[in-house]
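*Asks:* Have a look at this one before I ask anything.
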Amino acid sequence: MKNKSKTVWGTRFNKPMSKIFEEVGSSIDIDKRLFEEDIFASIVHTQMLAKQKIISRTRGTKIINGLKRIRKEIKKNKFHFNKKYEDIHLNIEKRLFALIGEDAGYLHIARSRNDQVITDFKLWIKKASNEILKNLDILIKNFLKKSENNIQTIMPGFTHLKNAQPISFAHYLLAYVEMFKRDKKRFSSNISYIDECPLGVGALAGTSYKIDRNFTSKKLGFKKPTNNSIDSVSDRDFVLDFLSSASICAMHISRFAEELIIWNSDIFKLIKLDDKMLTGSSIMPQKKNPDPAELIRGRAGKNFGSLQAMLTTMKGLPLSYYKDMQEDKSLVFSSYDTLLESLIITNELIKNIRSNKERMLSLSNEGYTTATDFADYLVQNNGLSFRSAYKISAKLVNYAEKNKKKLNELSFNELKKIKNDLNKDVIKVFNVRNSVNLKTSYGGTSTKNIKKMISKLRKELK
Ligand code: ARG
C-alpha cells in the first residue's frame, strides 16, 4: 500500500479493510455536514496547543492556514470526500497532510476522534436548536396574527370530538401558542445542558499534555469544560434531548395538522384552505386534498422513530465509546430536517386558512353546548347546588332533543316547563357569544381575556 492513500492506522494493519465494511463503516456522506464545526474546533485546539507551547507558533499557524484553506475548498465544492477515510475528521486530516505535509501530524496531539466528534456535534446541535427556535418564533407570530383576526369567531370546542362548549377560535389557536412556547423552553434548556465542552478529554482517560481546557471551552462558546473524561465520550444525552424535544414539537404540529384535516373535511367545513395548500386527485375531478397537513402528521413518525432508535442504541452500551454511536448523526440530521420542513409548512398552513365564521357559529349552537351554562345559571341565580342544577339542565336537553330544537330555539314558556320559577333573563344563557364572554376566569375564553393574552404574548416575543 502506498503511504499516501493509507488510513491513519494503516501501519498496524496487514490488509486493507474489506470493501463492504469500508462502505458500511464510513459515515462521511452523513457527517460531512459537520465540516464547519470540525474546522472551527481544530483551529481553536491548535491555538491552544501553541499557547501552551505544546507546538510551536509557526507550526500552529501553518496548520490553521491549511485548515482555513480546506474550509474554502469544501464551501466551494472543491473538496473530494473519500469513504476510505471514514468520516469528516479523518478526511480533513488527510487533506491537511496533502496541503502542508508532516506538520499536519501535530494537530491530533491531546485529542481523539471521540472528543472531537462530540465537540463538533454539540456545536452543530446548538446551531440547529437556535434555527428551530427562530422558526418557532415565526410560527408564534403567525398564530397570534390569526388569533387577532378571530377573537370574535365563535366555534364549538370539542371533547371526544363531540360538541362541548362554545369557544373563540382565537382561544383555540392560542392553545397552540402555549405548546410552542413550551417547545421553545425545551430547546433553550437543551442549549444550556449542552454547554459543557468535551474537547481535550481524549479517547476516554484525559491527557498528559498540559492543555488548557478552559481556553478551548471559552473560545468555542461553551460555559465550561466537562468534568469527567469517561462520561464525556460516553454521553449522548444531548442527542436524546434534541430528539425528544423535536418529537414533542413534531407531535404538537401534527395535532394541529390533524385539526385542519378534520375542520377542512366536507362534514365539518369549519375552515377553508387556500388552493396553495391543497392538491388534486388524478381521477376525481372535484377533489381538493389537504396533503401538506397530512405530510406534517405523517412525518412526525420519523421524528419519534429517531428518538426510539437512539434510546435503543444507548440502552445496552457499556462506557465509553462504541461505533454504535456513529449512527447518532444520521438520526439527528434527519429529525432536524424533517422538523424544520414541517415547521415551515405549518407556517404556510396557518397563513393560508380562512375560518368559515358562519359555519363555526351555527355548529356551536348544535349539540346543546350551552347546557353547562344553564346549570351554572341555576347555581348562580336560583341558589341550587351544581348537582341539582345539572339534573334540571339535563332534563332541558332531553326536552329539546325530543322536540328537535336547539337550546337557543326554546321559548321562555318551554323553559318554564322544566323549572317554573325562572327569570326572563335566563334566555341569554343560550346565546353562544354570551356563553363565551362569561368565561372570564384566568385562562378562559372570554374576549377580554383573549385580548389581554394576545398583547401579553406579543410583548413576550419582543
Ligand atoms: N465517526 C466516528 C463517530 O461518529 C468518530 C469517532 C470515532 N472513534 C472511534 N474510536 N472509532 O462516532
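*Asks:* Suppose every K and R has +1 on its Cβ and every D and E has -1 on its Cβ; what is the size of the dipole of segment 342-458 about the Cα centre, in Debye to the nearest 20?
*Replies:* Dipole magnitude for segment 342-458 comes out near 240 debye.
*Asks:* Residues in segment 219-243, backbone N under 19 Å from the label point at K315 (7 Å along the Cα-to-beta-carbon vector): list them, ranges by number please.
*Replies:* Within reach of a label on K315, which here means backbone N under 19 Å from a point 7 Å along Cα→Cβ, segment 219-243 contributes 235-243.
*Asks:* Could you tell me how many cubic angstrom of Cα convex hull volume segment 289-444 has per residue?
*Replies:* 224 Å³
*Asks:* A follow-up question, please. Add -39500 (n - 2.57) for each DSSP H run of 4 or more in the chain, then divide by its residues: what number comes out at 222 nm, to the nearest 500 deg cm²/dmol?
*Replies:* -19500 deg cm²/dmol
*Asks:* Which value, in debye to the nearest 20, describes the size of the charge dipole of segment 67-212 about its Cα centre when Lys and Arg Cβ atoms bear +1, Asp and Glu Cβ atoms bear -1, and nothing else is charged?
*Replies:* 520 debye
*Asks:* Net charge near N434, counting Lys/Arg +1 and Asp/Glu -1 over other residues with Cβ under 10 Å of its Cβ?
*Replies:* +1
*Asks:* With the convex hull built on the Cα atoms of segment 11-100, state its orientation-averaged projected area in nm².
*Replies:* 6.6 nm²
*Asks:* I would also like to ask the following. For segment 1-154, taking Cα atoms only, what is the radius of gyration to one decimal and the Dmax to the nearest whole Å?
*Replies:* Rg then Dmax for segment 1-154, in Å: 21.3, 78.
*Asks:* Ok, one more. With N set to the number of residues, divide the alpha-carbon radius of gyration of segment 359-462 by 2.2 N^0.38 Å and report two decimals.
*Replies:* With N residues counted in segment 359-462, Rg over 2.2 N^0.38 Å equals 1.25.
*Asks:* Suppose R0 equals 56 Å; then what is the FRET efficiency for E36 and S388 from their Cβ-Cβ distance, rounded to the nearest 0.05?
*Replies:* Calculated transfer efficiency: 0.20.
*Asks:* Can you give me the relative contact order of segment 1-157 as a percent, contacts being Cα pairs under 8 Å and 6 or more apart?
*Replies:* The value is 28 percent.
*Asks:* From the P(r) of segment 250-341, can you give the percent of Cα pairs sitting at distances over 16 Å?
*Replies:* For segment 250-341, the share of Cα pairs beyond 16 Å comes to 64 percent.
*Asks:* When the dipole is taken about the Cα centre of the chain, and only Lys, Arg (+1) and Asp, Glu (-1) are charged at their Cβ, what size is it in debye, to the nearest 20?
*Replies:* Around 1080 debye, computed over the chain.
*Asks:* Roughly how many whole Å is it from the C-alpha centroid of segment 6-50 to that of segment 300-338?
*Replies:* 20 Å
*Asks:* Scan around A164 for amide H atoms under 5 Å from its own, H built in the peptide plane at 1.01 Å from N, and keep only partners 5 or more places away or cross-chain.
*Replies:* Residues meeting the amide H criterion: G157, F158, T159.
*Asks:* Could you work out the per residue convex hull volume over the alpha carbons of segment 242-287, in cubic angstrom?
*Replies:* So the per-residue hull volume is 107 Å³.
*Asks:* Specify, per residue and in Å³, the volume enclosed by the convex hull of the alpha carbon atoms belonging to segment 54-102.
*Replies:* So the per-residue Cα hull volume is 78 Å³.
*Asks:* Given the C-alpha centroids of segment 246-264 and segment 106-175, what is the distance between them in whole angstrom?
*Replies:* Between the Cα centre of segment 246-264 and that of segment 106-175, the gap is 12 Å.
*Asks:* Still on this structure, please answer the following. What Kirkwood radius, in Å to one decimal, follows from the Cα pairs of segment 185-300?
*Replies:* 18.2 Å
*Asks:* Separate question: Could you pull out the pairs from K72/K184; K424/K448; K184/K452; K276/K459 whose alpha carbons sit more than 28 Å apart here?
*Replies:* Flagged as over cut-off: K72/K184; K276/K459.
*Asks:* For F412 and K395, compute 0.36 nm times the residue count separating them, minus their Cα-Cα distance, and round to one decimal in nm.
*Replies:* My answer for the length gained is 4.6 nm.
*Asks:* Sticking with this structure for a sec: Compare the Cα positions of T216, P156, I191 along the charge dipole of segment 152-256 (+1 at Cβ of Lys, Arg; -1 at Cβ of Asp, Glu; about the Cα centre) and return the one farthest towards the positive end.
*Replies:* Result: P156, furthest along the dipole toward the positive end.
*Asks:* Under a straight-distance cross-link criterion of Cα-Cα below 12 Å, which aspartates and glutamates are reachable from K288, leaving out those fewer than 8 residues away in the same chain?
*Replies:* D266, D274, D275
*Asks:* Compute the distance from the alpha-carbon center of segment 360-432 to that of segment 77-91, in whole Å.
*Replies:* Spelled out, the Cα-based centre of one part sits 74 Å from the other.
*Asks:* Moving on. Taking a quarter of the surface of the Cα convex hull of the chain, what do you get in nm²?
*Replies:* 30.5 nm²
*Asks:* Once segment 101-177 is represented by equal point scatterers at the alpha-carbon sites, with solvent omitted, what log10 I(q)/I(0) does the Debye formula produce at q = 0.11 Å⁻¹?
*Replies:* Debye curve over Cα of segment 101-177, log10 I(q)/I(0) at q = 0.11 Å⁻¹: -0.55.
*Asks:* If you average the sequence gap of Cα pairs under 8 Å that are 6 or more apart and divide by the length of the chain, what percent do you get for the contact order?
*Replies:* Here the relative contact order equals 16 percent.
Each reported figure results from applying straightforward, stated rules to the coordinates on display, with no laboratory input. This one's a predicted model, so the numbers in the text were calculated from it and none came from an experiment. Every residue, glycine among them, receives a Cβ derived from its backbone with ideal geometry; neighbour counts consider all protein chains shown.
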